[in-house]
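As structure tokens, the structure follows; a few thoughts come after it.
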Amino acid sequence: MKTIHAELGVGAPAELAWEVLADLEGWQRWNPVMRGEGRFEEGARPLITIANPGARPVELRPKIIRVEEGREIRWLRRLGVPGLFDSEFGMRIAAEDAGRCRFEQFGIFRGLLANAILARNAKAFEMAFQAMGRAFKREAERVARARA
């Protein structure tokens, strides 16, 4: 099992940050890496288009495996059969001080091809996490200022 993780502080209340994150179709307004169609509901398979820096866009229909309202979203994507290459992607909002929260992203990679795929793509995944995190922070803070 291999993991990639990124997090950063956000100057917006956790509840407001969650609104921004949970609005999948609204991602196209702020997210430079991913676009989405559908909803974050356990068992759903929304359409997610990923455009990592320097790569062609890829369309996925991952299975939403966890939605903890106000806190966490996770999805699972399998390449072929289970155990070949399974990637789990998660996003978490953690409340900090009043008016602040932390945004976390993580990827968990398992399977026979995990090492080979990550050897070629780990840097792109890390860059994508950073780009999405910075954009999420800007959008959540923009919305917080607009509502103040």
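The values are calculated or read from the model by the stated rules, or taken from the named source; none is laboratory data. Quick caveat: nothing in here was measured; it's all calculated off a predicted structure. Note: ideal-geometry Cβ built from the backbone for every residue, glycine included; neighbour counts use all protein chains shown.
Below, the figures for the structure above:
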quantity	calculated
Unique match (being free of Cβ contacts under 8 Å to residues at least 40 places away in the same chain, out of contact with any Leu (no Cβ under 6 Å at 6 or more places or on another chain) and among the basic types (Lys, Arg)) among ARG77, ARG71, ARG102, ARG45	ARG45
Selection within segment 112-141 - loosely packed, with under 14 Cβ neighbours inside 10 Å and under 12 Å from GLY11 (Cβ atoms)	ARG138
Spans of strands (runs of 3 or more DSSP E) in segment 23-134 with at least 3 residues under 14 Å from the mean Cα position of the chain (by Cα) and not aromatic (Phe, Trp, Tyr)	34-37, 47-50, 63-68, 72-78, 86-95, 101-110
In segment 73-92, the residues that are surrounded by fewer than 16 Cβ atoms within 10 Å (Cβ to Cβ) and of a type in the set (A, V, I, L, M)	LEU79, VAL81, LEU84
Output for segment 35-61, where each listed residue is surrounded by 19 or more Cβ atoms within 10 Å (Cβ to Cβ) and touching a Ser or Thr at 6+ places or on another chain (Cβ under 9 Å)	GLY36
Scope segment 7-26; condition within 16 Å of PHE89 (Cα to Cα) and surrounded by 19 or more Cβ atoms within 10 Å (Cβ to Cβ); matching residues	LEU21, LEU24
Some residue of segment 93-110 being surrounded by fewer than 13 Cβ atoms within 10 Å (Cβ to Cβ), over 21 Å from VAL143 (Cα atoms) and either out of contact with any His (no Cβ under 8 Å at 6 or more places or on another chain) or at pLDDT 95 or above (or both)	no
